[in-house]
Amino acid sequence: MTDQNKMNAQELEQVTGGNDGYIQASWRWVTVTGTKNYLAIRNEAAYDSNNEIGALHNGDRIQIRDDLRNGAYVWAYASQLNLEGWVNGNYVR
C-alpha cells in the first residue's frame, strides 16, 4: 500500500464516526410480534430456560443489531428492561 492510499486522521474520524477508531453499531427499531406467551431475552444464543434474563411481549419495541446474528438469534437492546441480550429474530418485525 502506498502513502497515497492511506487515510489521514481526519478521514479516519469521518469513516469511524469519531469514536477512537471504533465503528458505531447500527441499531434498528423493531416490534415484538407473534409470540404465544413472551419472547425471552437471553444471555446466550440458545433455547434454554436457564439463559433467560428477561421477557418481552407482543407490541414491545426493542432495538436490534442486524450485524450480530447467531442462527435465528439477533442481538437486542430492550430499553424498558435496561437489558441487552439475544432474542429469536423470527419474532421481531
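The values are calculated or read from the model by the stated rules, or taken from the named source; none is laboratory data. Small disclaimer: the values here were computed from a predicted structure and weren't measured. Here the Cβ is made from the backbone with ideal geometry for all residues, glycine too, and neighbour counts use every protein chain on show.
Checking residue 58 against (1) outside any strand (DSSP E or B); (2) under 14 Å from residue 91 (Cβ atoms); (3) touching a residue at least 40 places away in the same chain (Cβ under 8 Å), which single condition isn't satisfied?
Residue 58 satisfies all of (1) outside any strand (DSSP E or B); (2) under 14 Å from residue 91 (Cβ atoms); (3) touching a residue at least 40 places away in the same chain (Cβ under 8 Å) except (3).
Looking at (1) assigned to a loop (DSSP other than H, G, I, E, B); (2) surrounded by 11 or more Cβ atoms within 10 Å (Cβ to Cβ); (3) modelled with pLDDT of 95 or more, find the lone condition where residue 25 falls short.
Of the numbered conditions (1) assigned to a loop (DSSP other than H, G, I, E, B); (2) surrounded by 11 or more Cβ atoms within 10 Å (Cβ to Cβ); (3) modelled with pLDDT of 95 or more, the odd one out for residue 25 is (3).
Which residue pairs have Cβ atoms closer than 6 Å, lie 6 or more positions apart in sequence or on different chains, and pair a first residue in segment 74-93 that is over 18 Å from residue 33 (Cβ atoms) with a second residue that is aliphatic (A, V, I, L, M) and in a loop (DSSP other than H, G, I, E, B)?
As it stands, the answer is none, since no pair meets every condition given.
Can you pull out every residue in segment 29-44 that is within 9 Å of residue 92 (Cα to Cα) and either part of a loop (DSSP other than H, G, I, E, B) or at pLDDT below 95 (or both)?
33, 34
Would you please name the residue that is farthest from the chain's Cα centre (by Cα), looking only at residues in segment 61-72 that are in a strand (DSSP E or B) and aliphatic (A, V, I, L, M)? Walk me through how you get there before you give the answer.
If we filter segment 61-72 for residues that are in a strand (DSSP E or B), which is where we start, we get 61-70.
Next cut, aliphatic (A, V, I, L, M) only: 62, 64, 68.
Working: 62: 9, 64: 4, 68: 6 Å.
Of everything passing the filter in segment 61-72, 62 is farthest from the chain's Cα centre (by Cα).
One line per residue, one yes/no per condition, for (1) touching a helix residue (DSSP H, G or I) at 6+ places or on another chain (Cβ under 7 Å); (2) of a type in the set (D, E, K, R); (3) modelled with pLDDT under 95; (4) assigned to a loop (DSSP other than H, G, I, E, B):
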| site | (1), (2), (3), (4) |
| --- | --- |
| 13 | no, yes, yes, no |
| 46 | no, no, no, yes |
| 74 | yes, no, no, no |
| 86 | no, no, no, no |
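Specify which of the listed residues (64, 53) is surrounded by 15 or more Cβ atoms within 10 Å (Cβ to Cβ), aliphatic (A, V, I, L, M) and in contact with a Lys or Arg (Cβ under 6 Å, 6 or more places away or on another chain).
Being surrounded by 15 or more Cβ atoms within 10 Å (Cβ to Cβ), aliphatic (A, V, I, L, M) and in contact with a Lys or Arg (Cβ under 6 Å, 6 or more places away or on another chain) holds for just one of 64, 53, which is 64.
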